[in-house]
Amino acid sequence: MPSDTLNEKCGIFGIYGKGLDVSRLSFYGLFALQHRGQESSGIATSDGTNMMCYKNTGLVTHVYSESDIHRLSGHLAIGHNRYSTSKDTGLAHAQPVMIDNLLALGHNGNLPSTVALEGFLQSKNIPTADLNDSELMAHAIGYFLQNGCTLKEAITTAYPLFTGAFSLVVMTKDSVAAIRDSYGMRPLAMAKLNGGIVFASETCAFATIGADFVREIEPGEAVIVTEGSIESVQIQPGTPKFDIFEFVYFARPDSELLGKSVYDVRHNFGAQLARETALAADIVIPVPETAIPVAIGYSQATGMPLEMALVKNRYIHRTFIEPDPHSRDLGVKLKLTPLPNVLRGKRVALVDDSIVRGTTTGQIVRSLFDAGAKEVHFLVSSPPIKFPDFYGINTPNQRDLIAATKNNEEIRQYIGAASLHY
């Protein structure tokens, strides 16, 4: 799905392991989680006495130098890749959030309401005016730590103040914790590596560093790792409401969520589309990258040949360069190039994971016609998106969601496809 539609907010990583090069492992873990956030990256470490942190704007490979990794010494670390909404861009709100030599925190998710958190902190004379939701949570846990609580006690006491979606990694001088909201909206998992413990948003990060997956952190659970101890506490009963868009779009296909391969789930979406949709077409084409397993499933179920007739520029990332009036249509052309020799005269089944605003979808459909396609039928591997998400996805306002204002036929006409099937 093109990046100007829905955007996830953040990937998190944590590690505890004496004898492990935790800053380097954090770098590689964050590299594997780059797809979850491209605006800034940060790593905090501790040697048991002193905490250190380095963070900057940009991609993981651009943020850190070898000297940064050397300087981040210790045997505990947490890391964070950030995607933010426009008001929070830049280094000012990059994570991990650091509070003196007390606490570091990384957050994936969003708290739609921070009234309880702000009220609590203000009652303790802690200023809140310039703090975002992640920083408010850090200060709440930090308050209890400063008042003699253990990390377990601080997390457990502050937890009821957190209203919304939060998968967290938290580090003190001698402990690392992984915490998940009671709905388990955002993913978080645990692995083992050479006697150490690793936490990450997705299991693909474990494969990158050679860690062995153990299990997912349960909704409502906190796991706290200290020297010689791994403790689990079920803070609130779990009421799972996992975000289906992790399977549809956000997660890497080589990750596992809820015990299922993301690749297999997307493949099954394609097979289900084939069962639901009788279509006369010559070739199946995915919109790279997320829809590729869907298109493979559709192709195998129908016997319709699969063609990679939309070529993705793999080096396109989010940019803050504003287009001039003559280049506003360059967005799709920069990302995706159709192959006329494959498309010419063909009836095409074009597969994507979603339609959000519909503008980019329409541009892709037109590009296939311009390249010579005879017909373009649009297949979508998720239901129509009619409502915004307030729990960690930068969803447009409802009035900008095309399925909230148009029916299927109106959407089909708007994007210019011969047919439309969800």
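The values are calculated or read from the model by the stated rules, or taken from the named source; none is laboratory data. Computed from a predicted model, the values in this text were never measured in an experiment. Quick reminder, even Gly has a Cβ in these numbers, built from the backbone with ideal geometry, and neighbours come from all protein chains shown. When the accessible area is computed, the model is the full protein with side chains, heavy atoms only, and any ligands, DNA or RNA have been set aside. Shrake-Rupley method; radii C 1.70, N 1.55, O 1.52, S 1.80 Å.
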First check a/c for region 116-184, with a ≥ b ≥ c the square roots of the eigenvalues of its C-alpha gyration tensor; if it is under 1.5, answer rounded, and if not, answer prolate when a/b is larger than b/c or oblate otherwise. oblate
Considering Cα pairs under 8 angstrom that are at least six residues apart, work out the relative contact order of region 158-300 and quote it in whole percent. 19 percent
Leaving ligands, DNA and RNA out of it, work out the accessible area of Cys149 with a 1.4 Å probe and give it in Å² to the nearest 10. 40 Å²
So, over other residues within a Cβ distance under 15 Å of Lys346, counting Lys, Arg +1 and Asp, Glu -1, the net charge is -1
First compute the accessible area of the chain with a 1.4 Å probe, then give the percent of it belonging to carbon and sulfur atoms. 51 percent
For every other residue with a beta carbon closer than 11 angstrom to the beta carbon of Asp47, add +1 if it is Lys or Arg and -1 if Asp or Glu, then tell me the sum. +1
Which of Tyr159, Tyr315, Tyr249 moves most in a GNM of the chain, Cα contacts under 10 Å? Tyr315
In debye, nearest 20: dipole of the chain around its Cα centre with unit charges on the Cβ of K, R (+) and D, E (-)? 820 debye
Partner lysines whose C-alpha sits under 24 Å from that of Lys192, ignoring same-chain residues fewer than 8 away, are Lys18, Lys152, Lys173, Lys260
Selected from Ala207, Ala295, Ala116 as most flexible by GNM, with the chain as the system and alpha-carbon contacts under 10 Å: Ala116
Note on region 41-154: alpha-carbon gyration tensor, axes a ≥ b ≥ c; rule is a/c under 1.5 for rounded, else prolate if a/b larger than b/c, else oblate; result oblate
Per-residue ellipticity at 222 nm attributable to helices in the chain (runs of n ≥ 4 DSSP H, -39500 (n - 2.57) apiece, nearest 500 deg cm²/dmol) works out to -7500 deg cm²/dmol
Placed amide H near Leu188: partners under 5 Å, 5+ positions off or other chain: Ile217
With the 8 Å Cα cutoff and a minimum separation of six or more residues, region 131-224 has a relative contact order in percent of 23 percent
Can you give me the relative contact order of the chain as a percent, contacts being Cα pairs under 8 Å and 6 or more apart? 14 percent
Taking a ≥ b ≥ c as the square roots of the Cα gyration tensor eigenvalues, with a/c under 1.5 meaning rounded and otherwise prolate when a/b beats b/c or oblate if not, region 185-225 comes out oblate
Around Leu420: net Lys/Arg minus Asp/Glu count, Cβ-Cβ under 13 Å: -3
What nm distance separates the two modelled labels at Val233 and Glu410, each placed 7 Å from Cα along Cα→Cβ? 5.1 nm
